[in-house]
Amino acid sequence: MSFLSRFRGQVIAFPLAALAALAMLAISEASYQDATSSLDRLGERATARAKLNDLVKSVIDAETGQRGYLLTDRAEYLKPYEQAIGESHELLTWLNAYYARDPQVAPTMTELANETEAKLSELATTIALHDRPGGTGWRELLLSDIGREKMERLRTLGERLIDHETTQVEVGRRSVYETLWLNRIGVSAMAAISLLALFMYLRQSATLDRALADEAQRVAGERDRLEQEVLARTAQLRELAQHLQTIREDERSRLARELHDELGALLTAAKLDVARLKSRLGGAPSADATERLAHLNEALNGGIALTRRIIEDLRPSSLSNLGLVAALEILLREFSSRSEIQVVENLAPVEVSPAAQLTIYRLVQEALTNVLKYAKASEVVVSLQPSAEGGATVAVRDNGIGFDVGAPRLARHGLIGMRYRVEADGGSMRLESTPGAGTLIEATLPPAPPRGVDGDGSAALAAAAEA
């Protein structure tokens, strides 16, 4: 992002640098092509000059071999003559092909080829006359000026072509120099433009860095402000959750008292009335009356038991009267008998505050409710042990179907309520679950304050419940 921001900020520098780079690339490529073409042509022209000199030399060598043979009648002089003849024909073939591409001097080359062939023909004719028995015409042909004139003409044409190649070589050299000069100018211009682009880039980068620093400072300030606000709102939510939990427990206590004092009294009075009514019937009451009284008595007993269970769920009296471990044992025993799920308990006394004891009890109660509703488990392990810090660690693990903790779920209000309740008491909660591998809910709560706590906190809890 930083590089892209810098790139977007260079409104002039980068386009200018790109344009200069393209221009330099075009100039360099054109210069390279022109220079290589000129050097190739210079090489060919140097070769052409050498072959022109070789052609004249070969004709001279052929003439020298012919003269040696004519003067000495020795056949070994014919070997250099024949070799020179072969080289001359090879040189003529190359030169004809080379000068065919240059219309300006092609006629001169044609004339040179004709003169060469004529000279070679004159040498061959002289040798043929010499080899003829009794022939003396070769002397007259040799002493005539025909051979000298042809040789002079051949040299003149060769020098003319060599001068042409020399001129063209000079032109090619000037072209190479001009190309190199142009390339030098292009490199210098590119260097100047690159320095200008670098200067503009550095200046723009410095401006962008200052702007980014200011923006980063502003964002950091805004982030700090938002973090403080989030912390404040989180603290408010935690206090609100704790307040709602307190109100909820107070309301449960009030409902439990109302049920105990009102409904419990009514059911007890009704049961006493049934017993009094049965005693007044005396003698042998009818079978129908006896059946109805028995049914009424069973209904009253069921109502009293239901009322006691509802009161116990609303306000666990065993927690304030017997302590946390005993209350959990009763809760687990009732859960196992009601759900037919095997419960394995590992409970030890812990030193936590009365509020934390109630939180542990409610957490286990909510976890067992979730196991019964969703887990489809056959076994639940409940553990309560002192933590390393002196508080308590409670864990509920089942072997049910589990779930994906990262997947969104609608029915997680109970888990969220557990977490808020534990955190409101200064603790922490951990949830682990994998589809097909069960679920673990583990919470750690701090130790009880050293002031105003006795034993397992049952007296304080009872006082809080009464308040």
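The values are calculated or read from the model by the stated rules, or taken from the named source; none is laboratory data. Source: prediction; values computed, not measured. Methodologically, a virtual Cβ is constructed for each residue, glycine included, from the backbone with ideal geometry; neighbour enumeration extends over all protein chains shown. SASA here: full protein model, heavy atoms, side chains in, ligands and nucleic acids out. Shrake-Rupley method; radii C 1.70, N 1.55, O 1.52, S 1.80 Å.
Testing P103 on (1) free of Cβ contacts under 8 Å to residues at least 24 places away in the same chain; (2) assigned to a helix (DSSP H, G or I), one condition comes back false. Which one is that?
Result: P103 passes all but (2).
Is it true that some residue in region 143-155 is surrounded by fewer than 17 Cβ atoms within 10 Å (Cβ to Cβ), more than 60 Å from the chain's Cα centre (by Cα), at pLDDT below 80 and aliphatic (A, V, I, L, M)?
yes
Just give me the residues in region 165-185 being open to solvent by less than 100 Å² (accessible area, probe 1.4 Å) and without any contact (Cβ under 8 Å) to a residue 60 or more places away in the chain, in sequence order. Break it down stepwise before answering.
To start, the set of residues in region 165-185 that are open to solvent by less than 100 Å² (accessible area, probe 1.4 Å) comprises 165-172, 175-176, 179-180, 182-183, 185.
Those that are open to solvent by less than 100 Å² (accessible area, probe 1.4 Å) and without any contact (Cβ under 8 Å) to a residue 60 or more places away in the chain: T167, E170, V171, I185.
May I ask you to list pairs of residues, at least six apart or on different chains, whose Cβ atoms are under 7 Å apart, with the first in region 200-224 being in a helix (DSSP H, G or I) and the second being open to solvent by less than 70 Å² (accessible area, probe 1.4 Å) and modelled with pLDDT of 90 or more?
Qualifying pairs under 7 Å: none.
Of all residues in region 63-111 being touching a helix residue (DSSP H, G or I) at 6+ places or on another chain (Cβ under 7 Å) and of a type in the set (G, A, S), which is farthest from L52 (Cα to Cα)?
Step by step, filter region 63-111, then rank; the result is G68.
So how many residues does region 384-437 have that are open to solvent by less than 40 Å² (accessible area, probe 1.4 Å), modelled with pLDDT of 80 or more and outside any loop (DSSP other than H, G, I, E, B)?
Number of matching residues: 13.
Starting from region 122-133, take each residue that is farther than 13 Å from A62 by Cβ and list its partners that are in a loop (DSSP other than H, G, I, E, B) and at pLDDT below 70, counting only C-beta distances under 7 angstrom and pairs at least six apart or across chains.
Sorted first by the residue in region 122-133, then by its partner, the pairs are L129/G135.
Would you be able to say whether some residue in region 178-195 is modelled with pLDDT of 80 or more and either of a type in the set (K, R) or in contact with a strand residue (DSSP E or B) (Cβ under 8 Å, 6 or more places away or on another chain) (or both)?
Checking region 178-195: not a single residue is modelled with pLDDT of 80 or more and either of a type in the set (K, R) or in contact with a strand residue (DSSP E or B) (Cβ under 8 Å, 6 or more places away or on another chain) (or both).
Which numbered condition trips up S336, out of (1) crowded, with 22+ Cβ neighbours inside 10 Å; (2) farther than 13 Å from A443 by Cβ?
That leaves (1) as the condition not met.
Could you check, for region 127-137, whether at least one of its residues is among the aliphatic types (A, V, I, L, M), at pLDDT below 80, surrounded by fewer than 14 Cβ atoms within 10 Å (Cβ to Cβ) and part of a helix (DSSP H, G or I)? Working first, answer last.
Quick first cut of region 127-137, residues among the aliphatic types (A, V, I, L, M) only: 127-129.
Next cut, at pLDDT below 80 only: 127-129.
From what is left, the residues that are surrounded by fewer than 14 Cβ atoms within 10 Å (Cβ to Cβ) are 128.
Adding the requirement that they be part of a helix (DSSP H, G or I) leaves 128.
For region 127-137, residues among the aliphatic types (A, V, I, L, M), at pLDDT below 80, surrounded by fewer than 14 Cβ atoms within 10 Å (Cβ to Cβ) and part of a helix (DSSP H, G or I): present.
Just to be sure I understand, how many residues within region 27-67 are over 25 Å from L157 (Cα atoms), hydrophobic (A, V, I, L, M, F, W, C) and either without any contact (Cβ under 8 Å) to a residue 60 or more places away in the chain or crowded, with 16+ Cβ neighbours inside 10 Å (or both)?
Total meeting the criteria: 3.
Which one of the conditions (1) modelled with pLDDT of 80 or more; (2) among the polar types (S, T, N, Q); (3) within 30 Å of S320 (Cβ to Cβ) does S253 fail to meet, given that it meets all the rest?
Failing condition for S253: (1).
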